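K.L.:
Submitted below is the structure of interest, expressed as structure tokens.
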Amino acid sequence: MSYTAIGMGQVSSATRELVRHPGLWPEAIRSMFALAPLRWWARAPFLPLPERRYLAWRIGTAYGDAGADLTGKDLVAYLRWRRRRRGLT
């Protein structure tokens, strides 16, 4: 199984679902910074985004295939779980 690539289409379709849940936007931003690699600001694209390899690994462990599509429903469920674990709900 290859964990080196993840399609940006997967991320953008999940992001479209997230747009419908503005209450989760703060948690999404917290999650983005929590998963960002060290010194993210020193490398292009200068955004606190998780490394592609890490995302591919997470998708592979969640779906059993690194090439599987990240669903918006699963992203929203993850952010809700994360918020509950932090005791914010």
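Readers should treat all values here as calculations from the given coordinates under stated rules, not as data from a laboratory. The model shown is predicted, which means the values in this text are computed figures rather than measured ones. Every residue, glycine among them, receives a Cβ derived from its backbone with ideal geometry; neighbour counts consider all protein chains shown.
So that you can scan it fast, the table gives a plain yes or no per residue for (1) surrounded by 11 or more Cβ atoms within 10 Å (Cβ to Cβ); (2) more than 23 Å from PRO22 (Cβ to Cβ); (3) among the aliphatic types (A, V, I, L, M):
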| site | (1), (2), (3) |
| --- | --- |
| TRP41 | no, yes, no |
| PRO45 | no, yes, no |
| GLY60 | yes, yes, no |
| TYR63 | yes, yes, no |
| ASP69 | yes, yes, no |
| LYS73 | no, no, no |
| TYR78 | yes, no, no |
| TRP81 | yes, no, no |
| ARG85 | no, no, no |
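K.L.:
Among LEU18, LEU49, which is surrounded by 14 or more Cβ atoms within 10 Å (Cβ to Cβ), in contact (Cβ under 8 Å) with a residue 40 or more places away in the chain and among the hydrophobic types (A, V, I, L, M, F, W, C)?
P.N.:
LEU18
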